[in-house]
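The values are calculated or read from the model by the stated rules, or taken from the named source; none is laboratory data. Being a predicted model, the structure only gives us computed values, none of them experimental. Reconstructed Cβ throughout: ideal geometry from the backbone, glycine too, with neighbour counts over all protein chains shown.
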Amino acid sequence: MSSRGVRSGGCWRALVDSPLLMATWVAIVAVFAAVFEVAHALGRAHATRMDAADALAHAAAETALLRRASGDWTMPSARIGEVQLAVGNRAGEWFVTATVEGRSLAFRAADLPGASPVVFARPCSYVDRTLVGSTVGCRIDGGELPRFDERVLSDAERADQCAMLRRDGGVALLTFETGTERDDFVFDAARTRSEVSVSRDILVVPGHLWIQPSDRPLHFVLQKDLVVVVRGNLYVGRSIEVSGRGRLVFATCVDPDAAVFADIDGNGRWSPGDRLRRGAEFRGPMEGTGNVYLGLRGEPSVLRVDAGLVVAGEAHLAADAHVEGPVVLSFGVTEARSRPCRLVPEGRWSFQIEREVVPGFVVHGGRRPGVLRDAADPGSSREQALYVATPAR
Amino acid sequence: MSWHGSSRGEWIAAVLVLATSLTGSALLRVWAADLVSATDRRDAQVERFRADPRPSVVKDDAWTGLFPGHVLVPEKAPWGPFLAVHAAPRRVER
């Protein structure tokens, strides 16, 4: 053994050379282990206390907003228990600051003109009595159908002015022999990898909207809710995915003087054998308006639509359609002759109708604050980028 | 000084140090485990509250003690049922 090794071994031996020294080392290790565990527990407890304080601040902010909006409170600031609150209304938005545990949390809520139609809180609503038992949902009276706010729609972005959509004179001929009489719009494949700004939350399509068949879903990135109002028919040939904070709703309109029909033979136009749903005789464009076709040319056999659907005309199924948002059926559901198909309202999401406005639809009730959100919430901008993340065609 | 040459007093002191430290650390660890357990329960309660702060849930006493010094009360707002938070009334000594 070298002298260096002896010195080193002697040094270590000196540290444990008596029972008292050994006991001291063991005590130090035990106490350190205990202190570590206590520190960890205290850290977690502190984090949970902060989390609870945040939840308390949110609840207190809601309460302050209620008191202020209903006129119970007139002062701009108040105190609830340990929470100091300040409430204000600026440019059509409510702002609440809650101070608790030495931290200030800022919230905001839109100042809403009223509540949204009740159908947007349900997975499926239908008027047609014959759907009872065959479709999961709630039967409603025709008067409960959501109505468009035409004043709002007239100010909305139109598809013919939106760079992401373009007219396509031939798209209908790919599916139906005779095409359509009205303008057909498709998502522009050349622009699907760029961001397109859509002002407000509504996009109006002055014709038919086609989402061409594909095995790959069409992917939207939305930071705010978007309602696509189709003043014609909606043709969906592929699944639709949405990512981001926003929700997507497709809503079709029926021309006031046009007939509504069920396309029994599936040829895409009014023809002998089809069934009139509204009107004594057929009027309007031969392909009708307000209809929704889920599944085109038989492909794919299952559609997953992460959107809400407001169908002003007849819904036509050529595929099993799983719709994740609210479904509203003004008339019936017609299945393709070739194979039985199902419309499945999944009800994965809906709207808080008392505190959220579905853009473009008439509201009811008095003014009220919207859902209270974190002020740092990025989804508060009045404009959003509408971004289709996969090629449209 | 060595293990063989240690006095009785030194042995007793070593045993006392060991016993005290091990008992103390065991007690601290039990306290920490209790705190972690209580934190877990409170954490789950806060998560449930965040996920579903409906007024009807208050009736289950699910949120008792969630916010010390405050009480949650179901109320009617112009837009429907609402869960309001109030400062807990101070206890009056008689």
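Figures for the structure shown
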quantity: Some residue of the range A:118-129 being surrounded by fewer than 19 Cβ atoms within 10 Å (Cβ to Cβ) and of a type in the set (Ser, Thr, Tyr); calculated: no
quantity: Of all residues in the range A:169-198 being assigned to a helix (DSSP H, G or I) and at pLDDT below 85, the one that is farthest from the chain's Cα centre (by Cα); calculated: A:ALA190
quantity: Filter result for the condition that a residue is among the basic types (Lys, Arg) and surrounded by fewer than 21 Cβ atoms within 10 Å (Cβ to Cβ), over A:ARG231, A:ARG245; calculated: A:ARG245
quantity: Scope the range A:296-329; condition out of contact with any strand residue (DSSP E or B) (no Cβ under 6 Å at 6 or more places or on another chain) and under 20 Å from A:ASP128 (Cβ atoms); matching residues; calculated: A:ALA318
quantity: Selection from the range B:70-81 of residues that are facing chain A (nearest Cβ under 7 Å) and surrounded by fewer than 21 Cβ atoms within 10 Å (Cβ to Cβ); calculated: B:HIS70, B:PRO78, B:GLY80
quantity: Qualifying residue in the range A:246-259 (condition: free of Cβ contacts under 8 Å to residues at least 60 places away in the same chain, more than 30 Å from A:GLU324 (Cβ to Cβ) and part of a strand (DSSP E or B)); calculated: no
quantity: Output for the range A:213-226, where each listed residue is of a type outside the set (Ser, Thr, Tyr) and either modelled with pLDDT of 95 or more or in a loop (DSSP other than H, G, I, E, B) (or both); calculated: A:PRO213, A:ASP215, A:ARG216, A:PRO217, A:LEU222, A:GLN223, A:LYS224, A:ASP225
quantity: Options A:LEU42, A:LEU56; residue that is out of contact with any Pro (no Cβ under 6 Å at 6 or more places or on another chain), at negative phi and modelled with pLDDT of 95 or more; calculated: A:LEU42
quantity: Residue within the range A:11-18 that is buried (at least 18 other Cβ atoms within 10 Å of the Cβ), more than 32 Å from the chain's Cα centre (by Cα) and facing chain B (nearest Cβ under 8 Å) present; calculated: yes
quantity: Per-region count, the range A:268-308, residues buried (at least 17 other Cβ atoms within 10 Å of the Cβ), among the charged types (D, E, K, R) and under 15 Å from A:ARG238 (Cα atoms); calculated: 2
quantity: Subset of the range A:309-354 that is out of contact with any Ser or Thr (no Cβ under 8 Å at 6 or more places or on another chain) and among the small types (Gly, Ala, Ser) - its residue that is surrounded by the fewest Cβ atoms within 10 Å (Cβ to Cβ); calculated: A:SER338
quantity: Qualifying positions in the range A:22-53 - buried (at least 18 other Cβ atoms within 10 Å of the Cβ) and more than 7 Å from every other protein chain (Cβ to nearest Cβ); calculated: A:ALA53
quantity: Residue list for the range B:1-14, filter: within 7 Å of chain A (Cβ to nearest Cβ) and in a helix (DSSP H, G or I); calculated: B:GLU10, B:TRP11, B:ALA13, B:ALA14
quantity: Residue match in the range A:199-208 (condition: of a type in the set (Lys, Arg) and either buried (at least 18 other Cβ atoms within 10 Å of the Cβ) or at pLDDT 90 or above (or both)); calculated: no
quantity: Considering residues of the range B:15-49 that are facing chain A (nearest Cβ under 7 Å) and among the hydroxyl-bearing types (Ser, Thr, Tyr) only, the residue farthest from B:LEU83 (Cα to Cα); calculated: B:SER21
quantity: Residues of the range A:289-305 satisfying the condition of being farther than 16 Å from A:VAL229 by Cα and either modelled with pLDDT of 90 or more or among the small types (Gly, Ala, Ser) (or both); calculated: A:LEU294, A:GLY295, A:GLY298, A:SER301, A:VAL302, A:LEU303, A:ARG304, A:VAL305
quantity: Meets criteria (away from chain B (no Cβ under 13 Å), modelled with pLDDT of 90 or more and surrounded by fewer than 17 Cβ atoms within 10 Å (Cβ to Cβ)) for A:SER104; calculated: yes
quantity: Selected residue (criterion: farthest from the other protein chains (Cβ to nearest Cβ)) from residues of the range A:60-81 that are among the charged types (D, E, K, R) and surrounded by fewer than 16 Cβ atoms within 10 Å (Cβ to Cβ); calculated: A:ASP72
quantity: Selection within the range A:300-340 - part of a strand (DSSP E or B), of a type in the set (D, E, K, R) and farther than 19 Å from A:ASP265 by Cβ; calculated: A:ARG304, A:ASP320
